[in-house]
Amino acid sequence: MREVGSMSFLKRVWKSSGISDVLYRLSFKRRIWISFVLLITLAITASGSISYLIASSVVQKNAFASSQDTVNKSAQILDDKLRNIANSVGALMLSDPFRKVMSDVQSGNDSRYYYHLSSLQLVFSQVGFSDSLIENILIATPIGDFYLLSNIRSSTASFYDTSMYEEVKKTRRGIWVQGHEDTFFSSRRRVLSLVVEGVPEDAPFQPNDAYVIVNIKEKELMQLSTQNLSKDGRDYYVINAKGEQVILNQTGSLPVWGEARPDFLDRMTEEDTGSFFYGTSGNDYLVNYKRLDINRSNGWMVVGMQSKEQLLREVRNIKQATYLVILGFVLLSLLFTNKLTSLLLRPLYRLQSLMRRVEDNNLTVRFESRFQDEVAQVGFRFNRMLDEITLLIDNVKRGETEKRKAEMKALTAQMNPHFFYNTLNTIYCKSVLGENEDASSMILALSDMFQLGLNVGRELIRLEDELRHVEQYVAIQQISYEQLFEFSVELEDEALLPSLVPKIILQPLVENSILHGFKNIRSGGKIGIRVSSEADMLHLTVWDNGAGLAAERILPGAEEASGRPEEVAPGAMDEAAGRRASHKHGYALRNIVHRLKLYYGEAAGLEMRGRPEGGAVAEIRLPIHEEDAEHADDGYETMRN
C-alpha cells in the first residue's frame, strides 16, 4: 500500500510541477541533445555488460580457422563472379544476332556490318545488365569491330595488334588476362579481360579469326570479393604463380614480400588451400591462401595476410575487446538515430507537407501542434501568413473585377458622344431647311439607337440587336448623305444572331467608311457587313469600296507585331485609323481594340486591310458566346474567368 501511495504521489508531483509543460516548451535542439545522451548511455551500459562475457581464449583458438574461412569466402566469390561472366559470354555467343555475325565473318561478307552492329545492341545491353561488373564487350572480327555504342571506341587500338591476340591464337582456347589498362575504349579504366574465340559452343569448329573480349571492372571486382570480409588488419591479394598481382589491392598497398620471392612462393604447397607464418622486415604475418578454380593454368590464388602481433594482441588484451564492443554499441546507437530523428522531426515533416500542398494552390491547409518549440512557432506563423494571403487574394480579385467593370463602362460611355454629335447636327440642319419629314425619321432612328445602345446598362448585347443598331445608324446617314452609298448585311447562319457581342462595336467601323472612305465621292459607294463563323470564332466583317488604305497609312512593323501579313496590331491599328480618320474620331477604333482586350484578352482582335478591288476591310474576331441577354454581364464574367 505504501508503494502504491508513493507512485500516486509521484504522479501528482509530475502534474503539479508542470514538468510536462516544461517538456513542451523545450527547444527542438535541446530535445535532440537529450535523446542522444539517453541513447549513448544505454549503449555504453550494454557494452560493459557484454564485455564481461567475452572469452579471450576462444579468439586465439579460432584465429587460424577464421582467417582461412575469410580467404576461402573471397576466393569463392571471385570464382562465382568470373564463372558467371564466362556463362554470360556463352549466352551471348548462342544468341541469334551473334550467329548471324559469325556467318558473315565466315563468308567474308561485310555489307551488313551496320545491321549486325544495331542488332547486337540489345544483346550487349542484356549481358551488361545481367552482370554489372562487365565494363564493356568487344567483338573483333575481320569485317569490323562490334561493341555497345554508348562506349566510345578508341580508333587507334586494334585487338589484332595486342599480345592477347597472339596468346589466344596460340592456345586456341579462352584465356583470362590479369589487370591492365583498357586501351580499346576511351575510359581507359583498369580491367581484367576474358578473351574467347568467336565460335558458338554448339557450332562446328571453323577458325574465323573472330574473338570476343569481355573487360571486367578490376576495382569493383576486388571490392565485391572483400566487402563482406573482416578488415581487422588483414590485406587481401589476388596473385598468379609468379607472385604478381592479378588484381590490384583495394587499399593500393604493395605485397609485403615485395617482388616475387622464391622463399615465399615455395611455402605454398600444391594443396588448394593452406596457411603459414612468414617473416619479413622484422614482422611476422599469418598467410592464408586459396587457389581459384578459374585460370588454374596460371595459378591464380587469393592470399590473405595479417600481422601476427595484431592477431595475438586481440588474444592478450581483453580491454581492447571491451573498447571495441563499446564502440560497436555506439555505432549501433547511431543507426537508431535516424528513427529517433524522424520521430522528433515529425512536426517539421508535417509542415513541409503542408507547404507542398500550398504550392499546389491549396490555401485551406493549417498547421496544428501541441508543442511550443521553434518548429511549432514557424507553423503558427505559417498559418497567419496563409490567412493574410487568402485575404489579400480575395481583395485583389474583387478589386480587379470592379476595375474591369468600371473600365468597360467608361469606354462604352466614351463611344456615345462620338456617334451622336454628327446626327444631332444633321437633324438641326434639316429642321432649319424645313425638311421636317427627314428630321422626324432621323429622330425616330436616333431614339431606337439610344434604346439599343443603352441596353439597360448592360455591356453585352445580342448580335441581332447590334445589327439593328447599325441599320438605324445607316438609315440616319443615308438621309444625311443622299445617294452616297448602298448598305447590305450578309448573314451566314441565323443561329449566330443570339450570340453576345460588346455593344456599339460595328457602328464606328461603318462610320469610318462613310466619313473617310467616301470623302471624295458623291455617289456609288457601297458598305457591307458580313457575319460568319469558323472554329468557334465569330467573324464580323465591315467592307467598303471607298478610298482604301494606302501602304504608308499602316505603321511600319505592324506585320511583325501582329504575326499576320495584313493584320494591324493594336498600336499599328491606332495609327492606321488615325491616318484614315481624323484625330477627333480616331479614338473610336482604339476604343474597339481596348474593349475587345478587356472582354476577351488575347482571344479577340481587330484586323484592317485593303481590298484588291478597292476600298477597305475591317474584321473583328471574337469567341462565340451565347446566353440570355438578361444575364449578359454574367456572360462577361464567364469569358474573363
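The values are calculated or read from the model by the stated rules, or taken from the named source; none is laboratory data. In this text, all values refer to a predicted model and were calculated from it rather than measured experimentally. Virtual Cβ from ideal backbone geometry, glycine too; neighbours counted across all protein chains shown. Areas reflect the complete protein model, heavy atoms only, side chains present, ligands, DNA and RNA absent. Shrake-Rupley method; radii C 1.70, N 1.55, O 1.52, S 1.80 Å.
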Probe 1.4 Å, accessible area per residue of the stretch 100-184, Å²: 52
Neighbour net charge for Asn240 - beta-carbon separation under 13 angstrom, K R +1, D E -1: +2
Residue-wise HN-Hα coupling along the stretch 610-624, computed from phi with Karplus coefficients 6.51, -1.76, 1.60 (Hz; x: Gly, Pro): x, 9, x, 8, x, x, 9, 10, 10, 10, 9, 10, 8, x, 6
Alpha-carbon gyration tensor eigenvalues x 5, square-rooted, for the stretch 100-227, Å: 24, 17, 14
The stretch 477-549, accessible surface, carbon-and-sulfur percent (1.4 angstrom probe): 41
Qualifying GluC sites (Glu not before Pro) for the stretch 472-547 [loop in DSSP, other Cβ within 10 Å: at most 15]: Glu482, Glu492
